[in-house]
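Only the coordinates and a few stated rules stand behind these numbers; no lab work does. Everything numeric here is computed off the predicted structure, so don't read it as measured data. Don't worry about glycine lacking a Cβ; one is built from the backbone with ideal geometry, like all the others, and counts go over all protein chains shown.
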Amino acid sequence: MSSFNKVILVGNLTRDPELRYTGSGTAVTNFSLAINRRYRQAGEPREETVFVDIVVFQKQAENCAQYLSKGRSALVEGRLVQRSWTTEEGQKRNKLEVIAQNVQFLGGPPGRGKGEDLPSNSGSNNVDVDPNDDIPF
């Protein structure tokens, strides 16, 4: 039996993205999304929020760090991974996070006009497109 691992999330950033570079120079950006779900229980409106950590690599990581900020909405497509580590105190820890393959910027940033200097999306880790290439359709 084969497996399938893909998630699509839409939410708001809970903090500004953090950009860093690996020893080999690869850009890595981390941020967290808050995803709200509204529903009714026994006729009463309820809301729950899930917080998901996102990791983005390469040029897309640099774009996310440049154009996203706390409160902005984003759509993230990616895959779930589980990290495990041991703390200095010897406690084992696990964490689920999403490795983003595509991040779409939604809405405008707070305090700026619609679409000012913003790309329509941050690009994808899967496809490099040369704007000078002919598109075959």
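Going by C-beta contacts inside 10 Å, put VAL28, VAL81, VAL98 in order with the fewest on the left.
On the way: VAL28 16, VAL81 12, VAL98 21.
Ascending Cβ contact count within 10 Å gives the list VAL81, VAL28, VAL98.
Taking the beta-carbon count within 10 Å as an exposure proxy, list PHE51, PHE105, PHE57 from fewest neighbours to most. Write out the running numbers ahead of the final one.
Values: PHE51 10, PHE105 20, PHE57 16.
Lowest to highest Cβ neighbour count: PHE51, PHE57, PHE105.
Provide Rg over Rh for segment 36-75; use the alpha carbon set for both Rg and the Kirkwood Rh (inverse mean inverse pair distance).
So for segment 36-75, dividing Rg by the Kirkwood Rh gives 1.21.
State log₁₀ I(q)/I(0) for segment 7-106 at q = 0.10, 0.16, 0.20 Å⁻¹ as given by the Debye formula over alpha-carbon point scatterers of equal weight, solvent excluded.
-0.33, -0.74, -0.99
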